[in-house]
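The values are calculated or read from the model by the stated rules, or taken from the named source; none is laboratory data. Please read all numbers here as calculations on a predicted model, not as lab measurements. Cβ atoms come from the backbone with ideal geometry, glycine included; neighbour counts cover every protein chain shown.
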């Protein structure tokens, strides 16, 4: 047991990296929860419409994360070496990839957006509810196109800052953005302070404005603190990236981009399968997912911290202690999420009652939350092993570990159960979550073997 316990300095370093990420992500998710509740007060159809669109935008968001993650692995290791020029190259690559991904996604949504929304509207819901949900979803999506550009650029900047040890500024920008979003939600959704009551359109407008606020703060700070963000000096003078490095980032990064895209698409497809049982299920999953995401920030932030810390250690060639440090990081993440899951379990019976929806939806949402709470330590373990593998650039393995598992294991199970059995949606949901035990086992074996220990900066 002692080998899983780190020193005081170890935990100080971990918290220095993880807490700002946790605060930023936590506040963002908390305000998203309040946003969701505010829309939910308007009506179930509005809430379901926004939930469907957000599931589609979630795919885009993870595409962006996947697109910059490959370069981010190199950024952390270059920073560990003190190689500012290398960090510049990776930042340029991030700007290039987010531009391409954003333009492509907007084009897809413009052409196929309504059709993608309708995939979630089934006969299990009344015609009236389905038609109304479609209208609200279209209203929301039309405005959310303008959210994608500032989001993508902010991630390129914020990701580079975090990988270079500057986690406070993205946190502050995130806090400012969510406060703006919350205030504007109140004004624009309900029509306060003389503004018209715009409903779902008001929620979308508030989100777009807050994204531009976040981007503005991050960009301003980065360009005015060149001592801490030295990579930004003359970074726009040209867009030169050494061909060999670009090739290596692409080779390592493409599996991550593909992984995040397929994983997010898999989650969207899972929701579509669940939606066969009606819009009540969509609404309940939206409610449970909203509160679960607030608590998931613990293992999400710790996963990001693991990738950053281990990436810097690999760049500094500290190979003799890195296996032990990895074990300590994973162990801490699981323990933290046992506590987080216990707290979520206590909240489960009360949270769904906040929403202006039916008792059956509230009950169903409560059961989903309880299941998520019990599974949280398992989510934490598989997330920590995933980021450990990713820190050493084993992106092909992480692709198979993450997306490969979703599409080859979870989706076939859920598809078969929703289409060909009469099992309750709760039973199907539990079976879906428990399949992750297999993933945890694979992650444990791969991390223990040390396949991820690799210095990527030598080329």
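The condition of being under 26 Å from residue 21 (Cβ atoms), crowded, with 22+ Cβ neighbours inside 10 Å and modelled with pLDDT of 85 or more holds for only one of 291, 338, 347, 309, that being 291. The residues of segment 214-231 that are at pLDDT below 90 and within 15 Å of residue 94 (Cβ to Cβ), listed by number, are 229, 231. Looking at this structure, is residue 51 under 30 Å from residue 278 (Cα atoms), within 23 Å of the chain's Cα centre (by Cα), touching a residue at least 60 places away in the same chain (Cβ under 8 Å) and surrounded by 20 or more Cβ atoms within 10 Å (Cβ to Cβ)? The answer is yes for residue 51. Test residue 110 against the stated conditions and say whether it is touching a helix residue (DSSP H, G or I) at 6+ places or on another chain (Cβ under 8 Å), over 30 Å from residue 235 (Cβ atoms), in a helix (DSSP H, G or I) and without any contact (Cβ under 8 Å) to a residue 40 or more places away in the chain. Criteria met by residue 110. Scanning segment 398-414 for residues that are over 16 Å from residue 276 (Cβ atoms), surrounded by fewer than 20 Cβ atoms within 10 Å (Cβ to Cβ) and within 21 Å of the chain's Cα centre (by Cα) gives 400, 404, 407. The residues in segment 170-206 that are within 21 Å of residue 69 (Cβ to Cβ) and modelled with pLDDT of 90 or more can be counted, and the count is 1.
Residue-by-condition table, conditions (1) without any contact (Cβ under 8 Å) to a residue 40 or more places away in the chain; (2) surrounded by fewer than 23 Cβ atoms within 10 Å (Cβ to Cβ); (3) outside any helix (DSSP H, G or I); (4) touching a strand residue (DSSP E or B) at 6+ places or on another chain (Cβ under 7 Å):
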| position | (1), (2), (3), (4) |
| --- | --- |
| 12 | yes, yes, no, no |
| 16 | no, yes, no, no |
| 30 | no, yes, no, no |
| 70 | no, no, no, no |
| 101 | no, yes, no, no |
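Checked against the criterion of being part of a helix (DSSP H, G or I), free of Cβ contacts under 8 Å to residues at least 12 places away in the same chain and over 21 Å from residue 100 (Cα atoms), the candidates 137, 173, 131, 177 yield just one match: 131. So for segment 218-238 (the condition being in contact (Cβ under 8 Å) with a residue 12 or more places away in the chain, in a helix (DSSP H, G or I), under 30 Å from residue 51 (Cβ atoms) and within 26 Å of the chain's Cα centre (by Cα)), does at least one residue qualify? Yes: one or more hits.
Only one entry of 417, 389 meets the criterion of being within 30 Å of residue 248 (Cβ to Cβ) and either in contact (Cβ under 8 Å) with a residue 12 or more places away in the chain or over 18 Å from the mean Cα position of the chain (by Cα) (or both), and that entry is 389.
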